[in-house]
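One structure below.
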Amino acid sequence: MQRRAGFCTEIAPKALWRRRSMKRKAMFTCPFNSDCKITKDNRRHCQACRLKRCVDIGMMKEFILTDEEVQRKREMIMKRKEEEALKESMKPKLSEEQQNVIDILLEAHRKTYDPTYSDFTQFRPPVRAREDQRLTRSSSVLTQGFSSEDSSEPFGSSPDSVEHGMFSNLMLSEPEDSPSMSINFSPLTMLPHLADLVSYSIQKVIGFAKMIPGFRDLTAEDQIALLKSSSIEVIMLRSNQSFTLEDMSWTCGSNDFKYKVSDVTQAGHNMELLEPLVKFQVGLKKLNLHEEEHVLLMAICILSPDRPGVQDTALVETLQDRLSNVLQSYIQCQHPPPGSRLLYAKMIQKLADLRSLNEEHSKQYRCLSFQPEHSMQLTPLVLEVFGNEIS
């Protein structure tokens with residue numbers, strides 16, 4: 001196999017010496033028997049055997065660059081390095097302020113989300129009805145999936161003292177005009193457990209919101225209006241962390257806390273909410289969001305100036321725009337293609353999808369809360385947040 005001159009570095013490490021020797025057709029004579037053993041240490045002792053050894057192992061004259069070619073090659077390398085340096089310098093970068101916002105939100109999320117879901121054992125235990133009592137819909141491929149949201153670090157020691165619930169929406173009642181979807185409310189065996197879970201999750205959303213830069217600058221009334229309107233949407237966003245595409249379920253630790261759609265129907269929800277919810281979870285999961293993008297999306301969701309009851313819409317919009325700019329900059333700087341293609345637009349579309357889910361949740365919640373035997377299973381926090389909805 002032919003080799004370039006540079007390949008025989010063991011015996012002729014000086015490319016300039018080889019190039020000059022070959023170019024001027026130098027004729028060296030061995031003072032010995034022309035069979036000197038050339039090594040790295042003695043290569044200077046016999047130029048003739050050194051050059052012969054180079055040729056023997058594959059060096060060819062036509063492969064040796066001339067001085068001009070060497071210079072052009074050096075210039076090309078330097079030019080390429082300069083172009084790469086210029087390209088790197090022009091690459092958008094997150095400002096120190098933007099990175100600080102991201103760091104704050106990451107810390108807020110980690111302080112209010114416990115990936116071990118250890119607090120779930122404090123809730124009223126899940127009671128799943130027999131298979132023949134469950135609401136089924138054979139035409140739907142989604143009857144196997146429900147959502148279990150994330151839990152977070154404890155804000156309280158018991159479900160009543162916690163102010164956070166994540167699956168509250170997923171446990172609400174059926175739509176009013178859907179006879180084919182009617183639910184038998186008599187058992188609703190999962191309602192107590194999921195009501196505690198929702199109450200717990202709401203508290204965690206509140207804790208996260210309080211750490212969003214600028215949120216505490218709002219009036220107490222606007223903070224409450226934003227949280228009441230967005231809490232269920234943020235819970236749905238957070239629950240994506242525990243959602244698994246393999247079996248369309250929310251897995252929160254042990255099998256006791258693995259939630260399927262059939263579990264949510266036993267808490268008063270029907271497929272008018274659950275089917276689009278699972279589709280939403282699948283779509284969001286497939287975006288493969290970075291944790292930074294996920295927390296920014298939750299913060300943007302909370303700080304929506306068009307929420308009912310918000311008074312200082314200008315300030316809320318300013319805060320949301322700031323977060324939106326950080327998100328766009330992060331995607332541009334840190335999310336490599338092809339995943340970054342239209343990612344920001346897709347994420348904003350998810351917020352629009354959440355509005356529709358929120359409306360259906362409110363509809364089903366009202367249907368559930370009108371029945372005293374079921375509303376009494378809800379926690380005070382759930383009743384406060386969803387019972388007196390701002391509309």
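The values are calculated or read from the model by the stated rules, or taken from the named source; none is laboratory data. Just so it is clear, the structure is predicted and the values come from calculations on it, not from any experiment. Using ideal geometry, Cβ is built from the backbone for each residue, glycine included, and neighbour counts are taken over all protein chains shown.
Of all the residues in region 262-316, those that are of a type in the set (Gly, Ala, Ser) and surrounded by fewer than 24 Cβ atoms within 10 Å (Cβ to Cβ) number 5.
Does region 46-54 contain any residue that is more than 18 Å from Thr66 (Cα to Cα), at pLDDT 80 or above, in a loop (DSSP other than H, G, I, E, B) and not basic (Lys, Arg)?
From region 46-54, those more than 18 Å from Thr66 (Cα to Cα) are 46-50, 52-53; that's our starting set.
In the following step, the residues that additionally are at pLDDT 80 or above were identified as 46-50, 52-53.
Still in the list and also in a loop (DSSP other than H, G, I, E, B): 46.
Then drop every residue that is not not basic (Lys, Arg), which leaves 46.
Yes, that holds for at least one residue.
The one condition from (1) touching a Lys or Arg at 6+ places or on another chain (Cβ under 9 Å); (2) at pLDDT 95 or above that Met236 does not meet is (1). Determine, yes or no, whether Gln334 is in contact with a helix residue (DSSP H, G or I) (Cβ under 8 Å, 6 or more places away or on another chain) and either closer than 24 Å to Pro126 by Cα or modelled with pLDDT of 95 or more (or both). Here the answer is no, as Gln334 does not meet what is asked. If you go through region 100-155 and pick out every residue that is at pLDDT 95 or above, among the polar types (S, T, N, Q) and closer than 15 Å to Ile202 by Cα, you end up with 1. Quick one: in region 236-259, which of the residues that are assigned to a loop (DSSP other than H, G, I, E, B) and crowded, with 24+ Cβ neighbours inside 10 Å is farthest from the chain's Cα centre (by Cα)? Top of the filtered list is Cys252. Scanning region 321-337 for residues that are crowded, with 17+ Cβ neighbours inside 10 Å and in a helix (DSSP H, G or I) gives Arg322, Leu323, Ser324, Val326, Leu327, Ser329, Tyr330, Ile331. Count of region 338-349 residues, restricted to those that are within 19 Å of Met298 (Cα to Cα), of a type in the set (Gly, Ala, Ser) and surrounded by 11 or more Cβ atoms within 10 Å (Cβ to Cβ), is 1.
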